[in-house]
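First up is the structure itself, then whatever we jot down about it.
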Amino acid sequence: MNPRGHTLIEMLMVVAIVMIMASVAIPHLRAYSVQAHILGAGRMFKGEFLRARSIAVKKNAQTAIRFETRSDGAYYATYLDGNRNGVLSVDIQSGVDRMIAGPFRLDGKAPGVRVAILPNTPAPPPDHGTLDPSDPIRFGSSNMLSFSPFGTATPGTFYLAGEGIQGAVRVNGGSARVRFMICRGGRWTESS
């Protein structure tokens, strides 16, 4: 043994230990990164949600966030009621209800995040069973989230997925509260 240094075997042992620790830590770091991206996309949506709700109250007119699927992903845009009958798809197409913000990508352009439901994902509480992966945006048949001048909203949920992690952004109807939920290992937890 050399009193001024380390033996080759000692150095190899240290390298082996570092590699084992890295192989354990990297998947956890990747999962944390995907979860952060999902929450970031949800927070971007929440900002537009609060803006649309505020406009409805301030202008005493209905607003709506409309979800649309295009070839390059899912988008949402905010519309203002132009004829006092609520925001309707037919009025959007004719130009009566005009777009006031957007379109924005629903995934927030976050790397590794897509608008989707992972197979065999359990429904978030209080629902039961498993989610249908064919419909990741669930805001009625028109896929619109409407706001009244009283600050209430229509309920619904959209789902964001990453590698091994399922996210949900849920809007409660009466209170117009937005909740972020993450499902990992078959268990849903609420995130802030």
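Solvent-accessible area of LEU50, probe 1.4 Å, all protein chains present, reported in Å² to the nearest ten, please.
Using a 1.4 Å probe on the heavy atoms, I get roughly 80 Å².
In whole angstrom, how far apart do the alpha carbon centroids of region 29-107 and region 146-192 sit?
One Cα centre to the other: 14 Å.
Apply 1/(1 + (r/R0)^6) to the Cβ-Cβ distance of LEU8 and SER33, taking R0 = 25 Å, and write down the FRET efficiency to the nearest 0.05.
0.10
Report the FRET efficiency, 1/(1 + (r/R0)^6), for SER71 and SER175, where r is their Cβ-Cβ distance and R0 is 35 Å, rounded to 0.05.
0.50
In terms of the Cα gyration tensor, with a ≥ b ≥ c the square roots of its eigenvalues, is region 131-192 rounded because a/c is under 1.5, prolate because a/b exceeds b/c, or oblate?
In terms of gyration-tensor shape, oblate.
Share of the chain's accessible area from carbon and sulfur, percent, 1.4 Å?
59
In square nanometres and to one decimal, what's the mean projected area of the convex hull around the Cα atoms of the chain?
So the Cα hull casts an average projection of 15.5 nm².
How far, in nm, would the chain grow between ARG184 and MET19 when pulled straight, counting 0.36 nm per residue and subtracting the alpha carbon separation?
Gain in length upon complete extension: 56.8 nm.
Short version: ³J(HN,Hα) in whole Hz for each residue of region 109-122, in order, from phi by Karplus 6.51 cos²θ - 1.76 cosθ + 1.60 (θ = phi - 60°), x for Gly and Pro, what are they?
Working through the residues one at a time gives 6, 6, x, x, 10, 9, 7, 5, 10, 5, x, 6, 7, x Hz.
For every other residue with a beta carbon closer than 10 angstrom to the beta carbon of ARG98, add +1 if it is Lys or Arg and -1 if Asp or Glu, then tell me the sum.
Working: positive: none; negative: ASP81, ASP91, ASP97.
Net charge in that neighbourhood comes out at -3.
What net charge is computed for the residues neighbouring THR78, neighbours being all others with C-beta under 11 Å from the C-beta of THR78, Lys and Arg scored +1, Asp and Glu -1?
For residues surrounding THR78, the net value is +2.
If one takes the longest principal axis of the Cα atoms in the chain, at what angle in degrees, from 0 to 90 and to the nearest 10, does the Cα axis of helix 8-59 lie?
The angle comes out at about 10 degrees.
Let me check something: with ligands and nucleic acids excluded, how do ARG105, ARG51 order by accessible area (1.4 Å probe), largest to smallest?
ARG51, ARG105
As a test question: what accessible area, to the nearest 10 Å², does VAL113 have when a 1.4 Å probe is rolled over all protein chains in place?
10
The values are calculated or read from the model by the stated rules, or taken from the named source; none is laboratory data. Values in this document were obtained by computation on a predicted structure and should not be read as measured data. All Cβ positions, even for glycine, are placed from backbone atoms using ideal geometry, and neighbour counts span all protein chains on display. Accessible surface areas use protein heavy atoms only, side chains included; no ligands, DNA or RNA. Shrake-Rupley method; radii C 1.70, N 1.55, O 1.52, S 1.80 Å.
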